[in-house]
1. Can you spot a residue in region 439-458 that is open to solvent by 30 Å² or more (accessible area, probe 1.4 Å) and under 26 Å from F176 (Cβ atoms)?
2. Residue by residue through region 401-412, note down the ones that are modelled with pLDDT of 90 or more and surrounded by 21 or more Cβ atoms within 10 Å (Cβ to Cβ).
3. If you check G454 against the conditions, is it modelled with pLDDT under 95 and not assigned by the TED database to the domain that holds M577?
4. Given R372, R376, R345, R386, which one is charged (D, E, K, R), free of Cβ contacts under 8 Å to residues at least 40 places away in the same chain and not assigned by the TED database to the domain that holds G177?
5. Cβ-Cβ below 6 Å, separation at least six or inter-chain, first residue in region 161-178 and under 17 Å from S314 (Cβ atoms), second open to solvent by 10 Å² or more (accessible area, probe 1.4 Å) and not in a helix (DSSP H, G or I): which pairs?
6. Name the residues in region 445-498 that are among the β-branched types (V, I, T) and either free of Cβ contacts under 8 Å to residues at least 60 places away in the same chain or within 21 Å of A292 (Cβ to Cβ) (or both), would you?
7. Within region 437-447, identify whether any single residue is within 25 Å of P57 (Cα to Cα), of a type outside the set (A, V, I, L, M) and in a helix (DSSP H, G or I), and answer yes or no.
8. What number of residues in region 340-389 are at positive phi and open to solvent by 40 Å² or more (accessible area, probe 1.4 Å)?
Amino acid sequence: MYQADDGITSLQKNKFESSISELKKKTFLTAADIESYGDSGVTKEYALAHRRSLEDPEGFWAEVGHELVWTKPWDRVLDNTNPPFTKWLAGKLRSLGVERGSRVLIYMPLIPEAVVAMLRITYAELLDQVSRLAGKLRSLGVERGSRVLIYMPLIPEAVVAMLATIRIGAIHSVVFGGFAARELRTRIEHAEPTVIIAASCGVEPNKIVRYKDILDEALCQSSHQPRACVVYQRRRVLECSLEPGRDVCWESAMSSEPAPCVSLEANEPLYILYTSGTTDDPKGIQRPIGHAATLCWTMHAVYGLSKGVCWTASDLGWVVGHSYICYGPLLAGLTSVLYEGKPDRTPDPGQYFRIIEQHRVNALFTIPTAFRVLKRVDPNAKYSRRYCSKTLKTIFIAGEHCDQDTRMWAERVLNVPVLNHWWQTETGSPITAACLGYGVQCVPPHSAGYPVPGYDVRALREDGTECNRGEVGRLALKLPLPPGFASTLWQADDRFKKVYFETYPGYYDTQDAGWVSAEGAVWVVARADDVINVAGHRLSTAALEDVVLKHARVADAVVVGAPDPTKGDVPLCLYVMRPPQDDEEMVEESVVTQELIALVRHLIGPIAAFRKAVAVPALPRTRSGKALRGAIAKLARSQLVRLPSTIEDASVFKEIKTALQKFGYAIDAPDPEIST
């Protein structure tokens, strides 16, 4: 049995050791309960809000709905006559909140000195551009319910394209710029856009990505052809040729007559967002318009921001970018920062800190990999000392597991709390968090926080029965789900029900493994697919990685399950060594490996059967920072691996294959292939 304070969570444990009184059957906290919670972080304000959201959801969400302007009030707050296709706030929204005068949208290009000066766009200027592009789209045949596909890098014009689409009642589908022609084609064929909006190129630290060429290739192969393509030329970087009769340049579109805003019913589609890796059978998350109310509310309820500057270090092609680069901040009247760059190479590891100082950032939302990168290249934080970060109050992380050492490094360097929270593309906003707006300023160590009002989080066993508090199971969300949750999958209602709701009737299956503590905090230990079954003992890869990353000389690591004739699976660890700093002595790889084996045995125990670890130069990660554990596991089994085109560097698999062969794995493995 291991304490939560160690950061180790075994999927074998049946009971969470806690001095807090047992609350197994409760789905919310009462004010009386809080008396015994001590330093758990729960406040009376949060407890009562969460309780009300579950007991009186219509009253709770009606108040949230009033955050926005409506042309026609809703007739009914909750319509749950056809679950899981729940409808909320069935009324008409007037706009999505860009009419806020002098507040600004800040754009930070990749290399400011070499490419283009920083841009500060006021809400009034943004509204003018949005209205004019909307007028052009309408003249091209885009109408209410039409789809507009957007294939652009993280530039202000992408935000303009999203808002212009919804202004006239159309549905946008943003495709991440890292996707190649094949993935782009499948999304074009599935969404069938009337118009495609693209840029001539995107900029990476060491290359220029020719977006328009990729689009042309995709359209040559596609069975669906748009009426037109609107193309933004990045003239200081790369201009592209335009197809006569099809392509429209951005500048001419901006000379169009402004289009008025169309009022939309709250359950009409806002956008379609395809989850990554769904190339052969696209899975398009369909989000309802009413999501806008939830996003506006979360800016203050979850993130504690009623004014100021927020910086979400993501891409518009992911759900985080939709929610908290574009819609959330703009709806709440905040300043949002767009940064087209990396943490360490654009131009150096001081860039994050410079942006925080220069733009007086109050809240940062990023992924743990960003801090791992900074910690690896600048462990003593020399670059950070050049800048002042006193305006920064909070850092939020999500998207992947964050090891304790990385979190503590970031807190020490930036001198603010680093708060983990948990959400998915399907939810569109956090499931669990600290909820700063309700006074919850901290969460239990290594947890993902407390359920955000509206979410009733349970851990379930395979037979559907509820786990005891502290017992690990499949995390599920009790229906009905709050406003803004995915309304369905685009053109796939039956698939929506089968994928998410058939396994546990009455619940949404998050497909994550974790547990809920006695005081209601939630720990997410792994994707269900990332659980290793070692001789009948189920272990979390995240727990093992946490231990490995405690070693002072390990900069990055992944753990996967590798086949074993006796135990079924055994943990296999690939790690990246941190280069020595200043006067540090070189340490042999063999020494580090033996120390890692001893460390895991000490902190987790022999049950983990952790005996296989090897250093590699780098690990395979996507451009959004996610480790490709599944690809490594398949390679170990000599299976064909198809890599997403969003992979940061596919060449690392050559060294990984050699490393796996040291243990007798990947002997006959074909080289991984990149989706094209």
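The values are calculated or read from the model by the stated rules, or taken from the named source; none is laboratory data. Just so we're clear, the structure is a prediction, and the values are computed from it rather than from any experiment. Counting neighbours? That spans all protein chains shown, and the Cβs are built from the backbone with ideal geometry, glycine included. Just the protein is used for accessible areas: all its heavy atoms, side chains included, with ligands, DNA and RNA removed. Shrake-Rupley method; radii C 1.70, N 1.55, O 1.52, S 1.80 Å.
1. no
2. To start, the set of residues in region 401-412 that are modelled with pLDDT of 90 or more comprises 407-412.
Across region 401-412, the qualifying residues are R407, A410.
3. Details: modelled with pLDDT under 95: no; not assigned by the TED database to the domain that holds M577: yes.
Answer is no for this residue.
4. On the way: R372 fails: free of Cβ contacts under 8 Å to residues at least 40 places away in the same chain; R376 fails: free of Cβ contacts under 8 Å to residues at least 40 places away in the same chain; R345 fails: free of Cβ contacts under 8 Å to residues at least 40 places away in the same chain.
Residue meeting the stated conditions: R386.
5. Partner pairs satisfying both residue conditions: G178/R623.
6. At the first step, the residues of region 445-498 found to be among the β-branched types (V, I, T) are 452, 457, 465, 472, 488.
Passing the criteria: V452, T465, T488.
7. The answer is yes, given that some residue of region 437-447 is within 25 Å of P57 (Cα to Cα), of a type outside the set (A, V, I, L, M) and in a helix (DSSP H, G or I).
8. So the count comes out to 1.
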